[in-house]
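Read the structure below first, then the notes.
The values are calculated or read from the model by the stated rules, or taken from the named source; none is laboratory data. For clarity, every value in this text was computed on a predicted model and none was experimentally measured. Ideal geometry is used to build each Cβ from the backbone, glycine not excepted, and the neighbour counts take in all protein chains shown.
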Amino acid sequence: MFRRHLLKLAGAAALATGTALPIAAQDMPAPFDAPEDVKIALVRYLSTGDFFQSYLSGVEQQSEALGVDLRVFDSRQDAALQADMVDQAIALGVDGIIIQHGLTESMKPAAQRAVDAGIKVVAFDVNVENEAIPQVEQSDYMLAKLALDQAIEDHGTEFTAGYVYVPGIAPLDRRDTAWQEVKEANPGITEVAQFGTLDNPIANSVANQARSVLQANPTINVMFAPYDEFAKGVKIAVDEAGLTQDIDIYSADVSTADIAAMRESDSAWVATVATNPSVVGEVSVRTLAMMLAGEETESNVIVPPTLITQDFLNENDVQNMDQLGEKLPQFQHADVAMTDWMPLPAR
């Protein structure tokens, strides 16, 4: 009661001074009236690359705003280890688990074990086939569709494409659906090569593949690489081959490093479609917090994406994610999985 009284006084002071609080001036529902006793776990499958570091940052910042005890488990693309880490989190007695990426065959039974143990679970970009578990998504279909729409705007409905894809990863599978539909609707689009790997380091491994693909397929003028680590790898190969004027790269996801790569002189990376991965991390934690508070959540929690072109970055002199957020306010915050009591990270 004393803590809630202080929060109300703090909120009144903030209104009087015009300053913003990172925590909402609202009565906090159980169990967040004693947030230090709330334990949540993030169990990761993918962690290499700027996207996943930014996603982790969002999870950490929203957890800090809530005041909860966050534990992070990183399986480094080991499916069996990720399942074991879910069991470790269960054994620790956590109240909630966020499963970030992974394979359905390993995560479906692991997620069910957590639910059976009375633990609230949220899944980000992994299909655990469980109605009790909300799926947080970036609208991966729209990520790919918007990028492909831009490719068609730039090249028309007839071009020769290379495609970077690894099946079995939920977000990549959803992006692949858009690619297949666009090809079917536009028979003038010819896919002459499909390749891809998630071997670390991903960008360098994809670059090794892309070198061979470019040598074998000199007519390629579009590379669809719907994950920024894929796009980095393709760009390395295109740069080395001296084909920056002949090939355009279309991707998904964005980071400060990606912005720099897109803005290089004569960069072949002309467009990407993305949400702010930090915001997606925040939404994942907020969704879990709502479940822990006994509130209803959507079965699919969608964070909408935005098209980002090389021209836009250059015209607005955008050099990093903060500046991108200034030019595109939807990058700063997604009004998704929000309640009146929900504390937000300081901006």
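Matching residues to (1) closer than 20 Å to GLU295 by Cβ; (2) among the polar types (S, T, N, Q); (3) at pLDDT 95 or above:
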site: ILE90; (1), (2), (3): no, no, yes
site: ALA117; (1), (2), (3): no, no, yes
site: VAL122; (1), (2), (3): yes, no, yes
site: ASP125; (1), (2), (3): no, no, no
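Does at least one position in the stretch 254-268 carry a residue that is at positive phi, surrounded by fewer than 24 Cβ atoms within 10 Å (Cβ to Cβ) and more than 17 Å from the chain's Cα centre (by Cα)?
First, the residues of the stretch 254-268 that are at positive phi: 266.
Okay, now just the ones that are also surrounded by fewer than 24 Cβ atoms within 10 Å (Cβ to Cβ), so 266.
Filter again for more than 17 Å from the chain's Cα centre (by Cα), leaving 266.
Yes, some residue in the stretch 254-268 is at positive phi, surrounded by fewer than 24 Cβ atoms within 10 Å (Cβ to Cβ) and more than 17 Å from the chain's Cα centre (by Cα).
Which strands (runs of 3 or more DSSP E) sit wholly inside the stretch 190-302 and have at least 1 residues that are of a type in the set (Phe, Trp, Tyr) and touching a strand residue (DSSP E or B) at 6+ places or on another chain (Cβ under 7 Å)? Steps first, please.
On the way: elements: 222-225, 248-252, 269-274, 300-302.
Fully inside the stretch 190-302 and qualifying: 222-225, 248-252, 269-274.
Do you know which residues across the stretch 74-128 are within 21 Å of the chain's Cα centre (by Cα) and part of a loop (DSSP other than H, G, I, E, B)?
The answer is SER75, ARG76, GLN77, ASP78, HIS101, GLY102, LEU103, ASP125, VAL126, ASN127, VAL128.
Here's the yes/no breakdown for (1) more than 19 Å from LEU344 (Cα to Cα); (2) out of contact with any Asp or Glu (no Cβ under 6 Å at 6 or more places or on another chain); (3) modelled with pLDDT under 95:
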site: PRO22; (1), (2), (3): no, yes, yes
site: THR48; (1), (2), (3): yes, yes, yes
site: GLY58; (1), (2), (3): no, no, no
site: ASP69; (1), (2), (3): no, yes, no
site: GLN77; (1), (2), (3): yes, yes, yes
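Every residue, every condition in (1) at pLDDT 95 or above; (2) touching a Phe, Trp or Tyr at 6+ places or on another chain (Cβ under 6 Å); (3) among the small types (Gly, Ala, Ser); (4) not assigned by TED's automatic domain parsing to the domain that holds THR48, yes or no:
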position: ALA203; (1), (2), (3), (4): yes, no, yes, yes
position: GLN209; (1), (2), (3), (4): yes, yes, no, yes
position: SER212; (1), (2), (3), (4): yes, no, yes, yes
position: ILE220; (1), (2), (3), (4): yes, no, no, yes
position: ALA225; (1), (2), (3), (4): yes, no, yes, yes
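Take GLU326 and tell me if it is exposed (fewer than 15 other Cβ atoms within 10 Å of the Cβ) and over 21 Å from the mean Cα position of the chain (by Cα).
Details: exposed (fewer than 15 other Cβ atoms within 10 Å of the Cβ): yes; over 21 Å from the mean Cα position of the chain (by Cα): no.
Answer is no for this residue.
Test of understanding: among ILE249, ILE236, ILE220, ILE202, which residue is within 17 Å of the chain's Cα centre (by Cα) and not charged (D, E, K, R)? First the steps, then the outcome.
Working: ILE249 fails: within 17 Å of the chain's Cα centre (by Cα); ILE236 fails: within 17 Å of the chain's Cα centre (by Cα); ILE220 fails: within 17 Å of the chain's Cα centre (by Cα).
Being within 17 Å of the chain's Cα centre (by Cα) and not charged (D, E, K, R) holds for just one of ILE249, ILE236, ILE220, ILE202, which is ILE202.
In this structure, does VAL136 turn out to be more than 22 Å from ALA334 (Cβ to Cβ), touching a residue at least 60 places away in the same chain (Cβ under 8 Å) and not aromatic (Phe, Trp, Tyr)? Give the derivation first.
Values: more than 22 Å from ALA334 (Cβ to Cβ): no; touching a residue at least 60 places away in the same chain (Cβ under 8 Å): yes; not aromatic (Phe, Trp, Tyr): yes.
Against the criterion (more than 22 Å from ALA334 (Cβ to Cβ), touching a residue at least 60 places away in the same chain (Cβ under 8 Å) and not aromatic (Phe, Trp, Tyr)), VAL136 does not qualify.
Among the residues of the stretch 310-336, what is the count of those that are closer than 23 Å to GLU137 by Cα and in contact (Cβ under 8 Å) with a residue 60 or more places away in the chain?
2
Mind checking whether some residue in the stretch 285-304 is outside the structural domain of VAL213 (by TED's automatic domain parsing), in contact (Cβ under 8 Å) with a residue 12 or more places away in the chain, buried (at least 24 other Cβ atoms within 10 Å of the Cβ) and touching a Leu at 6+ places or on another chain (Cβ under 8 Å)?
yes
Show the residue pairs that are 6+ apart or on different chains and have beta-carbon atoms under 7 Å apart, the first residue being within the stretch 91-103 and in contact (Cβ under 8 Å) with a residue 24 or more places away in the chain, the second being assigned to a loop (DSSP other than H, G, I, E, B) and among the aromatic types (Phe, Trp, Tyr).
Listed pairs, sorted by first residue: GLN100/TYR45; HIS101/TYR45; GLY102/TYR45.
Can you pull out the residues in the stretch 240-259 that are within 17 Å of TYR55 (Cα to Cα), in contact with a Leu (Cβ under 9 Å, 6 or more places away or on another chain) and not β-branched (Val, Ile, Thr)?
ALA252, ASP253, listed by residue number.
If I ask for residues that are touching a helix residue (DSSP H, G or I) at 6+ places or on another chain (Cβ under 8 Å) and surrounded by fewer than 22 Cβ atoms within 10 Å (Cβ to Cβ), which ones from the stretch 219-246 would you list? Step through it out loud before you land on a result.
First, pick out the residues of the stretch 219-246 that are touching a helix residue (DSSP H, G or I) at 6+ places or on another chain (Cβ under 8 Å): 220-238, 240-241, 243-244.
ASN221, ILE236, GLU240, ALA241, LEU243, THR244 - these are the residues of the stretch 219-246 that are touching a helix residue (DSSP H, G or I) at 6+ places or on another chain (Cβ under 8 Å) and surrounded by fewer than 22 Cβ atoms within 10 Å (Cβ to Cβ).
Considering LEU66, LEU70, which residue is out of contact with any Phe, Trp or Tyr (no Cβ under 7 Å at 6 or more places or on another chain) and surrounded by 17 or more Cβ atoms within 10 Å (Cβ to Cβ)?
Values: LEU66 fails: out of contact with any Phe, Trp or Tyr (no Cβ under 7 Å at 6 or more places or on another chain).
Only one candidate qualifies: LEU70.
Would you point out the residue of the stretch 154-179, among those that are assigned to a loop (DSSP other than H, G, I, E, B) and among the aliphatic types (A, V, I, L, M), that is farthest from SER205 (Cα to Cα)? Full working, then the answer.
We begin by selecting, within the stretch 154-179, every residue assigned to a loop (DSSP other than H, G, I, E, B); these are 156-158, 165-169.
From the residues that got through so far, the ones that are among the aliphatic types (A, V, I, L, M) too are 166, 169.
Details: VAL166: 13, ILE169: 17 Å.
Looking at the filtered set, the residue picked out is ILE169.
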